[in-house]
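Presented below is the structure to which this report refers.
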Amino acid sequence: MTDQAIPPREAEEYVMRMPMERLSWIVLSVSFVAFCLICLASSFGLYSFLFISTMPLDIELQVGRGTTLVTNDDVTSRGYLSGTSLVSRPATVSNGPQTQSLIAFSEDDADSMPIATVTIQANSHIRVQRANQPRFRWSNGEYVITLDSFEGETDIYILDNGERNIRMRVYDQVNNWVDITRPGRYLLRSIDGRLYIDTRYGQALIQTDDGPKLISTGEEWVDTSVTSPSRVNLRRENLLDNSLFSFVGPSISYSGAAHVPSPWACGSFAEGPPSSTFTIEGWEGRQAIRFLRTSGAEAHGETFCQQSMGDIGASLQGYSYLELETTFLVNYQSLSKCGRDGSECPLMLRLRFDMQVEGGSGETETVEREWIHGFYFADDPQRDFPAQCVSCIDTHQQVNDKVWYTYRSGNLITAMQFAGYGTPVRIKDVQFYASGHDYDVLVSEIGLYRGLADVAIEGNPMPGS
């Protein structure tokens with residue numbers, strides 16, 4: 001049997017058919033892989049969009065006092081006497097010596113409450129670098145806020161909204177940082193590359209040369225230099241119990257009503273109708289004690305809360321520092337300033353002391369003195385009312401209404417001595433109260449801090465001075 005010869009044309013077609021089949025399989029395989037990659041990328045992209053993607057938080061600047069300067073990255077600056085939205089970011093917020101402002105972060109929803117607030121004190125500035133939220137409510141992402149270029153003093157509230165976690169990082173000008181991830185109340189100072197944190201309530205991480213350090217409720221940390229941090233324990237103590245109302249549960253009566261937490265004793269009186277109320281309730285995401293008197297009152301009234309230091313009082317012997325601090329919001333007042341005698345402010349603070357003074361015979365005597373300080377927002381130019389009461393050692397402070405404001409008295413021991421009152425040796429009680437006709441004021445915290453030295457880092461001006 002002899003082999004049959006394949007015609008040249010058929011041989012050429014056979015040789016060409018084999019590579020074309022391989023090429024088809026290659027094209028088919030590559031197409032299938034590309035299809036799978038497209039499906040995978042689309043699925044991941046859809047998942048990222050639905051569950052990972054973010055959008056900017058709503059940021060509102062509120063001015064508590066003075067004029068706040070806002071500078072954007074294009075170096076345009078503008079001063080604000082009242083609130084505004086910080087739409088352009090990054091944005092640097094700067095305060096002069098008589099200014100205090102607050103940055104409120106909330107979801108991009110008209111009905112949402114703030115999730116965090118940052119109060120920027122006088123002679124301070126900070127830059128809002130980033131503030132994001134998950135795009136959709138069903139995602140399990142967290143709020144992320146990054147602040148940098150911090151210098152001066154700031155008070156931070158992380159509010160417990162119960163919906164998702166928050167991560168706030170604050171950098172100072174030399175990139176020292178603090179991480180805050182839990183609801184709480186924090187005080188930060190940064191001066192000349194030294195960072196200080198006081199965790200009033202909550203938990204924070206601060207960068208140190210030995211690694212991050214956890215600073216929990218009641219603890220402080222001061223970085224005495226860029227490279228040599230040192231722990232500070234009990235440099236000062238709060239003499240008041242249950243004074244951080246935002247994070248202290250109210251006392252509950254048998255009827256289920258919420259009352260001001262013990263050991264605060266609250267009450268009211270009026271020289272005529274209507275009566276007033278004192279309650280503990282929420283306002284803009286934070287819990288506070290509210291003093292309310294409305295309905296067009298035409299007679300004097302007061303609503304107060306007081307905490308006693310006991311029968312013998314709280315001793316100041318051996319201490320050199322005493323500071324009263326409070327955060328409050330004045331919602332309404334009917335009188336101009338603090339009334340005709342300067343004694344009817346919508347919020348007033350009062351301390352009763354035993355003082356050591358030099359008697360007429362040259363011997364030291366112990367007498368009782370009061371320190372009183374007030375706050376107001378309304379000032380009718382047609383009414384020339386005084387801005388200081390007869391027994392006050394300094395003038396009352398005018399603040400903007402409907403803005404949370406944090407006040408620190410500075411060292412009251414030296415202030416009383418400078419005013420000629422003598423040297424305080426014992427505190428008898430502390431009272432905060434609303435006074436006047438109609439008023440509506442909320443107090444979210446009040447603290448009375450006793451210490452051996454001023455805890456402000458050298459070079460940082462005392463607030464309220």
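Taking Asp394 as the residue in question, decide whether it is surrounded by fewer than 17 Cβ atoms within 10 Å (Cβ to Cβ), in the same structural domain as Leu349 (by TED's automatic domain parsing) and either at negative phi or in contact with a Gly (Cβ under 6 Å, 6 or more places away or on another chain) (or both). Answer is yes for this residue.
With respect to Phe278, determine if the residue is closer than 30 Å to Ala104 by Cβ and touching a residue at least 40 places away in the same chain (Cβ under 8 Å).
On the way: closer than 30 Å to Ala104 by Cβ: yes; touching a residue at least 40 places away in the same chain (Cβ under 8 Å): no.
Judged against the criteria, Phe278 is not a match.
If you go through the stretch 185-211 and pick out every residue that is in a loop (DSSP other than H, G, I, E, B) and farther than 19 Å from Thr406 by Cα, you end up with 7. Glu21 falls short on exactly one of the conditions (1) at pLDDT 75 or above; (2) outside the structural domain of Asp148 (by TED's automatic domain parsing), and that condition is (1).
The criterion of at least 3 residues that are surrounded by 14 or more Cβ atoms within 10 Å (Cβ to Cβ) and hydroxyl-bearing (Ser, Thr, Tyr) is met by the following strands (runs of 3 or more DSSP E) wholly inside the stretch 258-354: 321-333.
Among the residues making up the stretch 364-403, those that are more than 30 Å from the chain's Cα centre (by Cα) and in a strand (DSSP E or B) are Thr364, Glu365, Thr366, Val367, Glu368, Arg369.
Residues that are part of a loop (DSSP other than H, G, I, E, B), assigned by TED's automatic domain parsing to the domain that holds Leu86 and closer than 26 Å to Gly96 by Cα: does the stretch 213-224 have at least one? The answer is yes, given that some residue of the stretch 213-224 is part of a loop (DSSP other than H, G, I, E, B), assigned by TED's automatic domain parsing to the domain that holds Leu86 and closer than 26 Å to Gly96 by Cα.
Can you tell me which residue in the stretch 59-89 is modelled with the lowest pLDDT, limited to those that are over 27 Å from His396 (Cα atoms) and surrounded by 17 or more Cβ atoms within 10 Å (Cβ to Cβ)? Can you show your working first?
Filtering the stretch 59-89 for residues over 27 Å from His396 (Cα atoms) gives 59-60, 70-78, 85-89.
Checking which are surrounded by 17 or more Cβ atoms within 10 Å (Cβ to Cβ) leaves us with 59, 70, 86.
Numbers: Ile59: 92, Val70: 92, Leu86: 83.
My answer is Leu86.
Scanning the stretch 117-137 for residues that are free of Cβ contacts under 8 Å to residues at least 60 places away in the same chain and farther than 27 Å from Gly410 by Cβ yields Arg127, Gln129, Arg130, Arg137. Of the listed requirements (1) over 30 Å from Ile145 (Cβ atoms); (2) at pLDDT 65 or above, Gln4 misses just one: (2).
Give me a count of the residues in the stretch 275-330 that are small (Gly, Ala, Ser) and within 30 Å of Leu159 (Cβ to Cβ). Break it down stepwise before answering.
Taking the stretch 275-330 and keeping what is small (Gly, Ala, Ser), we get 275-276, 282, 285, 288, 295-297, 299, 301, 308, 310, 313-315, 318, 320.
If we keep only those that are within 30 Å of Leu159 (Cβ to Cβ) as well, we get 276, 282, 285, 288.
So the count comes out to 4.
The values are calculated or read from the model by the stated rules, or taken from the named source; none is laboratory data. Since the model is a prediction, treat every value here as computed from it, not as a measurement. Ideal geometry is used to build each Cβ from the backbone, glycine not excepted, and the neighbour counts take in all protein chains shown.
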